[in-house]
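*Asks:* Got a structure here, written out as structure tokens. Questions coming.
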Amino acid sequence: MSTEKARRSPSALIRYLSERWPGAFDAKAPKPLKIGIRDDIRAVDDDLSDEELSRALRVYARTGTYLAHTARWCEAGRSRWQSLRGSI
């Protein structure tokens, strides 16, 4: 019998991140992830291996919901920037 951890599925990894950091990982209304979030998580969490954390972040950031919400955030930011630029 192996003492290695069983390989966790991507959905289990995302569920873990959502339970641990619900403000950052919300599957229903995702927000863009902070640049460097992997290092931040690694600094306070050693339950996930480097490979598991990388896989979880990769899968989360490639979901259709995440991409659609991120595109809306970017568009809203661009609209605000354009309105500010026009008032200067």
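*Asks:* Can you give me the ranges of the helices (runs of 4 or more DSSP H) entirely in region 14-88 with at least 3 residues that are under 10 Å from the mean Cα position of the chain (by Cα) and at pLDDT 90 or above?
*Replies:* Of the helices (runs of 4 or more DSSP H) lying wholly inside region 14-88, those with at least 3 residues that are under 10 Å from the mean Cα position of the chain (by Cα) and at pLDDT 90 or above span 50-61.
*Asks:* Any chance you could count how many residues in region 41-72 are surrounded by 13 or more Cβ atoms within 10 Å (Cβ to Cβ) and over 16 Å from residue 14 (Cα atoms)?
*Replies:* The number of residues fulfilling the criteria is 2.
The values are calculated or read from the model by the stated rules, or taken from the named source; none is laboratory data. Just so you know, these numbers come straight off a predicted model, no measurement behind them. Cβ: placed from backbone, ideal geometry, glycine included. Neighbour counts: every protein chain shown.
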